[in-house]
Amino acid sequence: MTVNRTRRNRSIGVLGGSFNPPHNGHLHISLMALKRIGLDEVWWLVTPGNPLKNHDGLHPLATRVDSANRLIGDPRIRVTTFEADNNFTYTADTLDALAARYPDTNFVWLMGADNLAEFHLWERWQDIFNSCAIAVFDRPGYSTKALTSPAASRFGRYRIDEADASLLKSEPAPAWSYLRGRTMAISSTLLRATRDMKERT
């Protein structure tokens, strides 16, 4: 599904994930997107669980939402359970529903380079590229994997230089950009591993 973005008057970045737990890396990406793309808001889409990952140790949705709200200190960043509220499992379905529900909004999907590296494994991944602009944020150790991935190769001609990343908020899909800058070597997986190690000692 290709969505015409030319007449939309609000731009919102959507950062999806389990946020188990939320951390400063999520906040860093969100603030970077607000500044470099010129977004009006960023929505943290706290999902029931990533279908490509093991759900062992996944905290209840309400716990993760509460933790996210306590971490955020910027009114332009909002936490939403849109996916869980509508019983969606896959990002493609979620983005279709967001576009239908908010026709005056231009959504930009935000994700880390680690996600682009395996994006071709996502359900209807090509539909996601064709329905929504995408901003990919560099992560330590993932640049080569991400930029040589099947998804990056398939949509290579639609890549926008990061100097022109502000175009993402109005450019018709497919359109994507790879944004470099200060990176943070932090992840929910690392935080959980550290927590588990402390609990065992």
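The values are calculated or read from the model by the stated rules, or taken from the named source; none is laboratory data. Please read all numbers here as calculations on a predicted model, not as lab measurements. Cβ placement follows ideal geometry from the backbone for every residue including glycine, while neighbour counts extend to all protein chains displayed.
Search segment 150-179 for residues that are closer than 18 Å to Phe137 by Cβ and pair each with any residue that is among the acidic types (Asp, Glu) and surrounded by fewer than 19 Cβ atoms within 10 Å (Cβ to Cβ) when their beta-carbon atoms are under 6 Å apart and the residues are at least 6 apart or on different chains.
Ser177/Glu162; Leu179/Glu162
Please go through segment 110-128 and give me each residue that is under 26 Å from Arg182 (Cα atoms), part of a helix (DSSP H, G or I) and either acidic (Asp, Glu) or touching a strand residue (DSSP E or B) at 6+ places or on another chain (Cβ under 7 Å) (or both), ordered by number.
Across segment 110-128, the qualifying residues are Ala113, Asp114, Leu116.
Got a number for residues in segment 136-174 being touching a Ser or Thr at 6+ places or on another chain (Cβ under 9 Å) and aromatic (Phe, Trp, Tyr)?
Residues flagged as touching a Ser or Thr at 6+ places or on another chain (Cβ under 9 Å) and aromatic (Phe, Trp, Tyr) within segment 136-174 amount to 1.
Check off (1) modelled with pLDDT of 95 or more; (2) farther than 16 Å from Lys35 by Cα; (3) not small (Gly, Ala, Ser) for Glu162 and give me the number that stays unchecked.
Failing condition for Glu162: (2).
Would you mention how many residues in segment 112-128 are farther than 15 Å from Glu162 by Cβ and surrounded by 22 or more Cβ atoms within 10 Å (Cβ to Cβ)?
Residues flagged as farther than 15 Å from Glu162 by Cβ and surrounded by 22 or more Cβ atoms within 10 Å (Cβ to Cβ) within segment 112-128 amount to 4.
For segment 168-185, state whether one or more residues are surrounded by fewer than 17 Cβ atoms within 10 Å (Cβ to Cβ), in contact with a Gly (Cβ under 6 Å, 6 or more places away or on another chain) and modelled with pLDDT under 95.
Scanning segment 168-185, I find at least one residue that is surrounded by fewer than 17 Cβ atoms within 10 Å (Cβ to Cβ), in contact with a Gly (Cβ under 6 Å, 6 or more places away or on another chain) and modelled with pLDDT under 95, so the answer is yes.
Suppose the filter is of a type in the set (S, T, N, Q), within 24 Å of Arg64 (Cβ to Cβ) and either touching a Ser or Thr at 6+ places or on another chain (Cβ under 6 Å) or buried (at least 19 other Cβ atoms within 10 Å of the Cβ) (or both); does Thr94 pass it?
Working: of a type in the set (S, T, N, Q): yes; within 24 Å of Arg64 (Cβ to Cβ): yes; either touching a Ser or Thr at 6+ places or on another chain (Cβ under 6 Å) or buried (at least 19 other Cβ atoms within 10 Å of the Cβ) (or both): yes.
Answer is yes for this residue.
Taking the stated definitions as given, is Arg10 under 29 Å from Gly181 (Cα atoms), modelled with pLDDT under 95 and of a type outside the set (S, T, N, Q)? Before the answer, list the steps.
Details: under 29 Å from Gly181 (Cα atoms): yes; modelled with pLDDT under 95: yes; of a type outside the set (S, T, N, Q): yes.
Considered against the rule, which asks whether it is under 29 Å from Gly181 (Cα atoms), modelled with pLDDT under 95 and of a type outside the set (S, T, N, Q), Arg10 comes out as yes.
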